[in-house]
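Have a look at the structure below before the remarks.
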Amino acid sequence: MKTNIKMFFAAALAAVTVGCTDLDVPVESQYTAYPGTEEALEAQMSGIFFQLRGTFGRRYMEAMALSSDEYTSVSYGGNWYDNGAYAHPSLHNFGYEDASIDWMGDLASGIVKANEIIDSDADETKYKAPARAMRAFFTFLMMDCWGDVPINDSKLASQIDIEKRQPRADVARWLESELKEIIPLLTTETTGDNYGKPNKYMAQALLAKLYINWAVYTATSVESYEANAANEKLADCISVCDEIIKSGKFALGPDAYRFKFASDNTERVEAGTVKDFIYAMPYHTTEQTGMQYGRSHSYKDIKNLNPSYYGEALTNSGGGYVTMTPEFVKLFNLKGDERNKLIVGLSESLDDYRYATGGDENNAYILDPETLLPTNQVAKDKEGNDLKLTRNITLVEQDFTINVGDNLTGWRQGCRNTKWHVTRNDYANGRNQSNDIPLLRYADVLLTKAEALTRQGSSAEAMNLVNQVRAYAGAEQLTGNPTLNDIYEERGREFFDENWRRNDMIRFGHFEDEFFPHYKNFPTANFDKTRRVFPVSKKMLDLNPKWEQNPGY
């Protein structure tokens with residue numbers, strides 16, 4: 001390390017250290033051996049592993065989902081506008097004080113916690129390697145979202161000034177080296193006590209993510225990347241995907257797609273009926289809180305539906321400020337696809353679930369809470385009428401608040417989804433759900449390999465990989481080798497609401513597309529390519545005075 005702890009490091013340290021006021025602390029005053037018992041060390045590691053539980057449960061989702069074409073925010077007569085925290089991402093008009101992007105410090109704190117273990121005399125394989133994997137994961141997210149970031153590796157202290165943000169390409173190269181070095185040191189156990197913690201395959205899947213986005217991360221600038229840019233790491237991406245596939249540890253089934261994201265998915269992983277999760281964040285309604293997707297995604301007046309379209313009456317209200325864009329709903333158009341059944345208000349036909357083109361309004365059918373499949377019963381709004389959601393979204397006025405009106409007409413704007421199925425018992429506890437969030441999945445490895453093969457040239461193997469994913473969901477098969485657009489659309493269907501769509505849109509060259517309300521005739525929509533990364537938050541700039549704001553902000 002350097003002689004003194006620099007501003008970025010100190011800013012994060014201040015967030016996790018109580019009573020520290022002098023941020024320019026000589027490193028000699030820090031512990032080089034973690035004090036206390038083995039139990040204390042395990043507690044410290046848990047703090048690293050689950051550092052982002054609250055962030056992933058809400059704010060990270062808002063930043064990823066609302067800046068993509070999956071979702072838009074809406075306000076109800078100004079309610080839920082919240083100073084633009086949700087509207088700004090929807091319009092790519094990010095503000096550096098927006099609550100939805102104010103979590104860079106959470107990543108920084110995680111890196112500090114990891115470095116405390118890495119720089120101690122803790123066991124190399126049991127503690128240091130997992131801590132390094134988490135540090136790499138936090139750094140990857142920071143690089144993906146903000147571009148240039150510090151490399152907080154004490155081994156490089158003689159080469160790098162951690163006061164400064166390093167070029168994104170250098171960060172990518174460091175991540176590659178770091179991940180390749182620690183992969184042999186990490187456990188191959190993915191469940192039991194190691195569930196939700198880094199393992200060999202988590203590091204490999206993260207490396208595959210790095211490789212498939214290599215041209216994005218090593219471009220000369222954020223705005224200079226083009227979707228047809230050459231990627232020198234495609235063969236490496238395919239190789240690391242093959243290692244995961246050949247491990248035999250993972251599978252798409254046997255549980256149906258909808259059950260992977262249900263409130264009992266922890267138990268299903270433990271029982272071995274969900275084998276798709278390579279790395280996940282565990283949640284529980286009372287013991288591991290913070291997962292609140294249902295609060296923002298559900299119909300605004302969900303409390304007054306009896307039963308709700310989840311199949312049970314809920315005792316808490318919904319925020320309802322996150323709703324699906326009409327453009328994204330059109331992706332759910334494959335005959336027989338189980339994933340279609342998770343979109344509330346998609347189809348007029350319970351038998352087919354194809355995208356209904358005949359009308360804009362469709363019924364919100366009630367799910368059977370056991371099978372999680374739609375029944376033929378329609379939810380009733382508070383006036384006793386069939387609840388019909390509109391795929392298209394009509395605004396009261398076309399302004400920066402994205403206001404749909406605070407009434408029955410406004411509340412039913414846009415399709416909703418039940419991917420993260422809400423249960424009455426969970427939702428009663430401060431709207432905290434027990435649905436674990438998968439961060440890296442086996443299905444992603446299959447489609448990433450298919451994409452890398454397709455970027456190398458047309459491939460029958462890529463078709464087979466895509467069709468494995470489609471067959472599992474019951475969707476009609478490709479009959480020819482996939483195009484990149486086929487894979488882009490399949491990724492949209494398979495990973496919707498899993499926080500990868502923004503990443504995919506940038507790589508495939510669609511982040512500047514038009515999708516509600518990110519239209520060129522919308523007065524505050526922004527199409528500048530610098531929006532591919534977020535502005536550095538005011539808080540982080542204040543704590544790190546040598547940093548400069550990202551270009552374009």
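The values are calculated or read from the model by the stated rules, or taken from the named source; none is laboratory data. The structure displayed is predicted, hence computed values, not measured ones. Here the Cβ positions follow ideal geometry from the backbone for every residue, glycine too, while neighbour counts run over all protein chains shown. Accessible surface is based on the protein model in full, side chains and every heavy atom, while ligands, DNA and RNA are left aside. Shrake-Rupley method; radii C 1.70, N 1.55, O 1.52, S 1.80 Å.
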Practice prompt. Scan segment 27-75 for residues that are surrounded by fewer than 21 Cβ atoms within 10 Å (Cβ to Cβ), of a type in the set (D, E, K, R) and either within 21 Å of the chain's Cα centre (by Cα) or modelled with pLDDT of 90 or more (or both) and jot them down.
Written response: 42, 53, 58, 59
Item to complete: Filter segment 319-335 down to residues that are in contact (Cβ under 8 Å) with a residue 40 or more places away in the chain and open to solvent by 40 Å² or more (accessible area, probe 1.4 Å), then give me how many there are.
Response: 2
Worksheet item: In segment 284-300, is there at least one residue being touching a helix residue (DSSP H, G or I) at 6+ places or on another chain (Cβ under 7 Å), crowded, with 19+ Cβ neighbours inside 10 Å, at pLDDT 95 or above and more than 28 Å from residue 134 (Cα to Cα)?
Response: yes
Worksheet entry | Every residue from segment 470-500 that is more than 23 Å from residue 64 (Cβ to Cβ), touching a Ser or Thr at 6+ places or on another chain (Cβ under 8 Å) and open to solvent by 20 Å² or more (accessible area, probe 1.4 Å) | 481, 483
Worksheet entry | In segment 506-539, the residues that are among the aromatic types (Phe, Trp, Tyr) and either part of a loop (DSSP other than H, G, I, E, B) or open to solvent by less than 10 Å² (accessible area, probe 1.4 Å) (or both) | 511, 515, 516, 519, 522, 527, 534
Worksheet entry | Restricting segment 265-281 to residues that are polar (S, T, N, Q) and not in a loop (DSSP other than H, G, I, E, B), the residue that is least open to solvent (accessible area, probe 1.4 Å) | 265
Worksheet item: In the list 175, 179, 107, which residue meets the criterion of being at pLDDT 95 or above, closer than 19 Å to residue 537 by Cβ and open to solvent by less than 10 Å² (accessible area, probe 1.4 Å)?
Response: 107
Item to complete: Would you point out the residue of segment 364-383, among those that are over 24 Å from residue 495 (Cα atoms) and either outside any loop (DSSP other than H, G, I, E, B) or in contact with a Cys (Cβ under 7 Å, 6 or more places away or on another chain) (or both), that is most open to solvent (accessible area, probe 1.4 Å)?
Response: 376
Worksheet, complete the sentence: Among residues of segment 384-403 being part of a loop (DSSP other than H, G, I, E, B) and within 26 Å of the chain's Cα centre (by Cα), the residue surrounded by the fewest Cβ atoms within 10 Å (Cβ to Cβ) is 392
Worksheet entry | Within segment 493-526, tally of residues that are touching a Phe, Trp or Tyr at 6+ places or on another chain (Cβ under 7 Å) and small (Gly, Ala, Ser) | 1
Response to the item:
Log entry, pairs with first residue in segment 466-484 being in contact (Cβ under 8 Å) with a residue 40 or more places away in the chain and on the phi < 0 side of the Ramachandran plot, second being among the charged types (D, E, K, R) and surrounded by fewer than 16 Cβ atoms within 10 Å (Cβ to Cβ), beta carbons closer than 6 Å, six or more apart or on different chains, reads 476/335
Fill in: Condition met for residue 315 (among the polar types (S, T, N, Q) and within 20 Å of residue 499 (Cα to Cα))
no
Worksheet, complete the sentence: Expected output for segment 41-53 (first residue more than 18 Å from residue 289 (Cβ to Cβ), partner open to solvent by 40 Å² or more (accessible area, probe 1.4 Å) and of a type in the set (Lys, Arg), Cβ below 6 Å, 6+ apart or cross-chain) is 48/113
Item to complete: Determine whether segment 249-264 contains at least one residue that is closer than 22 Å to residue 179 by Cβ, open to solvent by 30 Å² or more (accessible area, probe 1.4 Å) and modelled with pLDDT of 95 or more.
Response: yes
Worksheet item: Only one residue in 426, 406 is open to solvent by 10 Å² or more (accessible area, probe 1.4 Å), modelled with pLDDT of 95 or more, of a type in the set (Asp, Glu) and over 26 Å from residue 75 (Cβ atoms). Which one?
Response: 426
Worksheet item: Filter segment 454-469 for residues that are open to solvent by less than 20 Å² (accessible area, probe 1.4 Å) and not polar (S, T, N, Q); which is farthest from residue 53 (Cα to Cα)?
Response: 462
Fill in: For residue 503: the one exception among (1) more than 22 Å from residue 329 (Cβ to Cβ); (2) surrounded by 20 or more Cβ atoms within 10 Å (Cβ to Cβ); (3) in contact (Cβ under 8 Å) with a residue 40 or more places away in the chain; (4) of a type in the set (S, T, N, Q)
(1)
Practice prompt. Give 139, 125 a once-over and let me know the one that is without any contact (Cβ under 8 Å) to a residue 60 or more places away in the chain, polar (S, T, N, Q) and either under 19 Å from residue 181 (Cα atoms) or open to solvent by less than 10 Å² (accessible area, probe 1.4 Å) (or both).
Written response: 139
Fill in: Candidates 316, 304, 340 - the one that is under 21 Å from residue 366 (Cβ atoms) and open to solvent by 50 Å² or more (accessible area, probe 1.4 Å)
304
Item to complete: Give the residue, chosen from 266, 315, 289, that is over 22 Å from the mean Cα position of the chain (by Cα) and of a type in the set (Ser, Thr, Tyr).
Response: 315
Worksheet item: Can you name the number of the only condition in (1) part of a helix (DSSP H, G or I); (2) in contact (Cβ under 8 Å) with a residue 60 or more places away in the chain; (3) closer than 22 Å to residue 116 by Cβ that residue 208 fails?
Response: (3)
